[in-house]
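FYI, it's all coordinate maths here, none of it is from the lab. Just so we're clear, the structure is a prediction, and the values are computed from it rather than from any experiment. Neighbour counts run over all protein chains shown; Cβ positions are idealised from the backbone, glycine included.
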Amino acid sequence: MKAYFQNLRRLNVQGTTTRRPSPTPATYLAQIDPQVQASLNTEQWTELERVVGLAIPKPAPKLVDLRFEVDLLISRYFIVLMVGKDRRRVPRNTPVSKLTQFGNWVAAVLLLLGFNLALSTSVLMAAYLIKSALGINLLPGHFRGFGN
């Protein structure tokens, strides 16, 4: 596994993408033993290709697809944030307790409030800096600084 990540780092340094291409039925069918491949007729081959194509999950559109890496001195981490509709066919195997649901709800509300606060602070700070850079004084004579 360590060699796999080192290979990904090497590829990333060279400027190529680190994401694997999405699998196609042909990539899976190429792994079949050549003798077995030769024994399949055209009809069997197309049916096998169709069934494998149905088994491969299709990517769903995401509202937010944010991926980035954090390089630290010791190791490298990647952070992924995706927001989209849950299109999984199989429901959760484990029942979710009411306490867990409440905790998830509280965490989501706190996350949204924190994001809103950070965004609002950034917008107000940018507006204040632009106002100051343009020399606009909204309350003339109100604040004269210390010692005046």
For LYS58, counting only aspartates and glutamates whose alpha-carbon sits under 17 Å away and dropping same-chain residues fewer than eight positions off, the answer is GLU49, ASP86
Long-range amide H contacts for LEU40: which residues qualify at under 5 Å (H placed 1.01 Å from N, peptide plane, sequence gap of 5 or more or a different chain)? none
I need the phi-derived Karplus couplings for the range 122-130: 6.51 cos²θ - 1.76 cosθ + 1.60, θ = phi - 60°, integer Hz, Gly and Pro marked x. 5, 5, 5, 5, 5, 5, 5, 5, 5
Between ASN116 and VAL51, 0.36 nm times their residue separation minus their Cα-Cα distance comes to what? 18.8 nm
What list of ³J(HN,Hα) couplings, whole Hz, do you get for the range 83-91 from phi and the Karplus terms 6.51, -1.76, 1.60, once you set θ to phi - 60° and write x for glycine and proline? 10, x, 6, 7, 10, 5, 7, 9, x
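Taking the Cβ of THR42 as the center, what net charge do the other residues with Cβ under 14 Å away carry, scoring Lys and Arg +1 and Asp and Glu -1?
So the surrounding residues net to -2.
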On a full-extension model of 0.36 nm per residue, what is the gain between ARG88 and VAL109, subtracting their alpha-carbon distance, rounded to one decimal in nm? 5.1 nm
Any chance you could run the full-extension gain for LYS62 through LEU138? It's 0.36 nm times the residue separation minus the Cα-Cα distance, nm to one decimal. 23.1 nm
Whole number please: convex hull volume per residue, Cα atoms of the range 27-120, in Å³. 220
